[in-house]
Number of protein chains: 2
Amino acid sequence: MKINRATDYGVRLMVYLAACEGRVVPRAEIASAMEIPPEFLAKIAQHLAKAGLLEIRQGRAGGYRLKRPSQEITLLEVVEALEGEIALNLCVGHPESCRFSPTCKVHLVWEAATEGLRDLLGNIYLANLIEKKAKSDEEVG
Amino acid sequence: MKINRATDYGVRLMVYLAACEGRVVPRAEIASAMEIPPEFLAKIAQHLAKAGLLEIRQGRAGGYRLKRPSQEITLLEVVEALEGEIALNLCVGHPESCRFSPTCKVHLVWEAATEGLRDLLGNIYLANLIEKKAKSDEEVG
DNA sequence: AGTAACTGGATCTTTTTTATCTTAAATTTT
DNA sequence: AAAATTTAAGATAAAAAAGATCCAGTTACT
Ligand code: SF4
Ligand code: SF4
């Protein structure tokens with residue numbers, strides 16, 4: 001009933017990149033700042049890259065960067081890239097996995113709950129999740 | 001991000017009992033009707049009994065029975081009896097587990113999502129989940 | 001007493017999660 | 001071109017959780 005550690009790490013990564021505004025950020029920096037085991041972070045980034053959410057630059061000044069603007073990437077996309085499509089029970093999205101599903105009222109509840117959750121996450125964008133720095137920086141200037 | 005098999009089994013058990021209207025139902029009957037491994041069902045029932053959701057009758061005509069009316073037991077209670085309090089991420093309910101939680105906006109999202117889910121499940125009662133039989137299909141013909 | 005039914009703890013297997021290691025490839029700098 | 005730096009990709013491994021089963025013991029009906 002919980003997301004994986006990898007998923008949380010992935011979200012941290014994406015939010016961090018969103019805050020970096022298109023800069024190519026080396027893995028070691030992210031790993032250290034977000035407290036993610038570096039090798040594990042590599043795996044997670046690879047998944048997210050395959051899902052088209054971030055871009056990997058290899059070589060000497062390599063690192064990671066968002067592939068799309070942070071205003072256009074939802075939390076749902078990030079989570080589902082790492083967990084697969086969200087489903088709160090086996091039978092959600094796979095009614096054939098349980099022979100009771102055609103008449104099971106609980107099935108409908110799990111489907112509704114899943115949809116509710118996906119809706120919520122689908123309406124939150126990385127841009128909404130960046131920790132704004134102290135106002136003095138931008139507004140008072 | 002999914003409930004356990006044990007939790008689904010537990011819900012099946014509770015809904016089945018709700019449909020049995022206070023009768024003491026032997027484990028074997030439930031196991032067979034709901035397709036649950038009997039020994040595993042025993043363990044699940046023991047948990048639910050400790051949580052005060054059902055009553056176990058030992059001895060010769062033993063079995064299980066709801067402890068409270070099905071109109072008063074929510075799905076949330078059943079699920080949380082088996083999974084512990086629902087939390088979609090580690091940091092939900094345990095902000096101290098992550099040093100970012102005080103400023104992390106994602107944290108707030110997971111808390112909101114968790115609350116939404118608990119709300120939904122908390123408003124569904126076992127009585128709502130019983131498959132109503134057609135008028136006289138108990139006796140075929 | 002005899003039998004049917006569940007308990008409670010231990011055990012066991014499988015799967016999933018989390019993490020790391022290793023060899024290779026890519027890119028920049030020299 | 002060579003060297004230095006950084007990630008790729010697949011294999012591996014350790015740890016934890018899930019799923020299931022076993023068995024000696026207890027309870028209650030007849
Ligand atoms: S909720 Fe109903 S349909 Fe889904 S797995 Fe459980 S019993 Fe089957
Ligand atoms: S959501 Fe934020 S607070 Fe919660 S674990 Fe992830 S980083 Fe930490």
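Derivation of every value follows stated rules applied to the coordinates shown; laboratory data play no part. It should be emphasised that the depicted structure is a prediction, and the values quoted were computed from it without experimental measurement. In this analysis, Cβ positions are derived from the backbone assuming ideal geometry, glycine residues included, and neighbour counts consider all displayed protein chains.
Structure values in brief
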| item | result |
| --- | --- |
| Where Cα atoms sit under 27 Å apart: lysine pairs in region A:5-140 separated by 8 or more or lying on different chains | 4 |
| Residue-count net charge about A:GLU85 - beta-carbon cut-off 15 Å; Lys, Arg +1, Asp, Glu -1 | -4 |
| Mean separation of Cα contacts under 8 Å, 6 or more apart, over the residue count of chain A: relative contact order % | 27 |
| Cα-based convex hull, chain A, per residue volume (Å³, whole number) | 131 |
| Test item: A:90-96 mean partner chain Cβ contacts at 10 Å | 1 |
| P(r), alpha carbons of the protein assembly as shown - 10 Å bins starting at zero, rounded % | 6, 25, 26, 19, 13, 8, 3, 0, 0 |
| Sorted peptide list for B:53-61, B:69-77, criterion being average Cβ within 10 angstrom, highest first | B:69-77, B:53-61 |
| Ascending count of other beta-carbon atoms within 10 Å, so fewest first, for A:TYR64, A:TYR16 | A:TYR16, A:TYR64 |
| GNM flexibility winner over chain B from B:LEU121, B:LEU13, B:LEU48 (Cα, springs under 10 Å) | B:LEU121 |
| Rotationally averaged projected area of region B:1-76 (alpha carbon convex hull; nm²) | 4.9 |
| C-alpha center-to-center spacing [region B:1-43, region A:29-98] in angstrom | 37 |
| Relative exposure of B:ARG118, A:ARG5, A:ARG99, judged by other C-beta atoms within 10 Å (fewest first) | A:ARG99, A:ARG5, B:ARG118 |
